[in-house]
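Participant: Sharing a structure here in structure tokens format.
The values are calculated or read from the model by the stated rules, or taken from the named source; none is laboratory data. Being a predicted model, the structure only gives us computed values, none of them experimental. FYI the Cβ positions are ideal-geometry reconstructions off the backbone, even for glycines, and counts take in every protein chain you see. Calculation scope for accessible area: heavy atoms of the full protein, side chains included, ligands and nucleic acids excluded. Shrake-Rupley method; radii C 1.70, N 1.55, O 1.52, S 1.80 Å.
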Amino acid sequence: MNAFIFDLDGVIVDTAKYHFIAWKTIAETFNYNLTESQNENLKGVSRSDSLDLLLQWGKKVLIQEKKNMLLNQKNKHYLQLIQEMGSEEILPGVLNILDFTKNNNVPVALGSASKNAQLILGKLNLTPYFSSIVDGTHVRHSKPNPEVFLLGAKNLNTPAKSCVVFEDASAGVAAAKTAGMTAIGIGNPEELKAADYVFESLEQINISLLNKLAAI
Ligand code: BG6
Ligand code: MG
């Protein structure tokens, strides 16, 4: 039996739009105009690494204290934006796959860069599906480093080669492959070339592939 490890943002729920609004507001404070296409590069990237990228793009240098202030400000705004979020925002196909794992006793972990992951899973009423939640508060290295997925595999007592990762970010697919796992890319095949399979949405994964992925 294999184990499944899910990324959160962009796989289970579309939080990218809220991260974008919050980062755009921060970028405006130093007169940088963050575009939607530039925001693509922030997918899967940790909060502090995202700010460093924004500052680099805006050619702005700040002392750590000021950076910490902006990080707090960004997260406060983001938390306001997701305040009303509920299970209606779960992306298509997610519940089907999670129910499949539950009915077939497939071990499931979350592998997310977000420090808000537990809060978000709770808002979506999905926490009970996960035997292990590894998030941005548990790891030192951001994706593409495989740490987050290796820790998930360890918590599930499953060898890395028996883990299947669902990811929407190329950094996440790279992390899964470096860990020696099977990577399912959700999104644009051009951006997720390194994945073993790519689908536009989790909805497209049928039962026979699920059985194969879970090695049932
Ligand atoms: C990732 C998102 O899952 O988590 C990134 O794709 C985000 O956009 C990162 O920056 C960190 O999230 P948070 O909630 O800790 O700011
Ligand atoms: Mg993601």
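Participant: Per residue, how many Å² of accessible area does the chain show with a 1.4 Å probe? Please report the intermediate quantities before stating the final value.
Facilitator: Numbers: 10520 Å² over 216 residues.
Dividing the accessible area of the chain by its residue count gives 49 Å².
Participant: Another question, if that's okay. Could you compute the FRET efficiency for Gln80 and Asn33, with r as their C-beta to C-beta distance and R0 at 22 Å, rounded to 0.05?
Facilitator: Numbers: r = 22 Å, r/R0 = 1.00.
In this case the efficiency is close to 0.50.
Participant: Mind listing the phi-derived Karplus ³J(HN,Hα) values for segment 35-49, rounded to whole Hz, using 6.51, -1.76 and 1.60 with θ = phi - 60°, and x for any glycine or proline?
Facilitator: 9, 5, 5, 5, 4, 3, 6, 9, 4, x, 8, 5, 4, 6, 5
Participant: Show me, for segment 25-32, the HN-Hα J-couplings you get by feeding each phi into the Karplus relation (A = 6.51, B = -1.76, C = 1.60, θ = phi - 60°), rounded to Hz, glycine and proline as x.
Facilitator: 5, 5, 4, 4, 5, 10, 6, 10
Participant: Would you list, by chain and number, the lysines whose Cα falls below 22 Å from the Cα of Lys102, excluding same-chain residues fewer than 8 positions away?
Facilitator: Output for Lys102: Lys123, Lys154, Lys161, Lys212.
Participant: At R0 = 35 Å, how high is the FRET efficiency between Lys102 and Ile21 if r is their beta carbon distance? Nearest 0.05 is fine. Display every interim value, and only then the final one.
Facilitator: Values: r = 34 Å, r/R0 = 0.96.
Efficiency for this residue pair is about 0.55.
Participant: I need the P(r) histogram for segment 159-216: all alpha carbon pairs, bin width 10 Å from 0 out to the longest distance, whole percents.
Facilitator: The distribution over segment 159-216 is 26, 54, 19, 0, given as percents.
Participant: Farthest toward the dipole's positive end in segment 16-82, which of Ala27, Leu51, Tyr78, given Cβ charges of +1 (Lys, Arg) and -1 (Asp, Glu) about the Cα centre?
Facilitator: About the Cα centre, the residue reaching furthest to the positive side is Tyr78.
Participant: Right, another one. Once the Cα atoms of segment 16-82 are picked out, what are the Rg and Dmax in Å?
Facilitator: Taking only Cα atoms of segment 16-82, I get Rg and Dmax of 10.8, 30 Å.
Participant: If you don't mind, there's one more thing I want to ask. Given H placed on each backbone N at 1.01 Å, which residues far from Gly10 in sequence or on other chains put an amide H within less than 5 Å of it?
Facilitator: Under 5 Å from the amide H of Gly10: Thr15, Ala16.
Participant: Run the quick spin-label model on Lys59 and Lys154: label points 7 Å from Cα toward the beta carbon, then report their separation in nm to one decimal.
Facilitator: For the pair Lys59/Lys154, the computed spacing is 4.4 nm.
Participant: Taking θ = phi - 60°, what integer Hz values does the Karplus form 6.51 cos²θ - 1.76 cosθ + 1.60 yield along segment 150-160, in sequence order, with x for Gly and Pro?
Facilitator: So the Karplus estimates, Gly and Pro as x, are 5, 5, x, 4, 4, 4, 8, 6, 10, x, 3 Hz.
Participant: Okay, moving on. If you take every DSSP beta bridge fully contained in the chain, what fraction is antiparallel? Give it as a percent rounded to 5.
Facilitator: Working: 1 of 19 bridges.
Antiparallel bridges: around 5 percent, rounded to the nearest 5.
Participant: Sequence-distant or interchain residues sharing an amide H contact under 5 Å with Cys163, placed H: which?
Facilitator: Ala3, Thr182
Participant: Now for a different question. Would you compute the Debye intensity of the chain from its alpha-carbon atoms alone, equal scatterers and no solvent, and pass along log10 I(q)/I(0) at q = 0.17, 0.18 Å⁻¹ to two decimals?
Facilitator: So the normalised log intensities are -1.18, -1.31.
Participant: In terms of modelled amide H atoms, which long-range or inter-chain residues lie less than 5 Å from the amide H of Leu156?
Facilitator: Counting only residues 5 or more places away or on other chains, the set is empty.
Participant: Considering only protein heavy atoms and a 1.4 Å probe, what is the carbon-and-sulfur percentage of the accessible area of segment 48-106? The partial results should precede the final answer.
Facilitator: On the way: 1710 of 3620 Å².
Ligands and nucleic acids excluded, carbon and sulfur give 47 percent.
Participant: How high is the FRET efficiency from Ala215 to Lys193, r the C-beta distance, R0 25 Å, rounded to 0.05?
Facilitator: Numbers: r = 25 Å, r/R0 = 0.98.
Here the calculated transfer efficiency is 0.55.
Participant: With an 8 Å Cα cut-off and a minimum separation of 6 or more residues, compute the relative contact order for segment 1-157 in percent. The partial results should precede the final answer.
Facilitator: Working: 177 pairs, mean separation 47.8, N = 157.
That works out to 30 percent.
Participant: Rounding to the nearest 20 debye, state how big the charge dipole of the chain is about its Cα centre with +1 on each Lys and Arg Cβ and -1 on each Asp and Glu Cβ.
Facilitator: On the way: 20 positive and 22 negative charges, 150 e Å.
It works out to roughly 720 debye.
Participant: Also, quick follow-up: Once you've got the GNM for the chain with C-alpha springs shorter than 10 Å, pick whichever of Asp168, Asp49, Asp135 has the biggest mean-square fluctuation.
Facilitator: Result for the chain, Cα springs under 10 Å: Asp49 fluctuates most.
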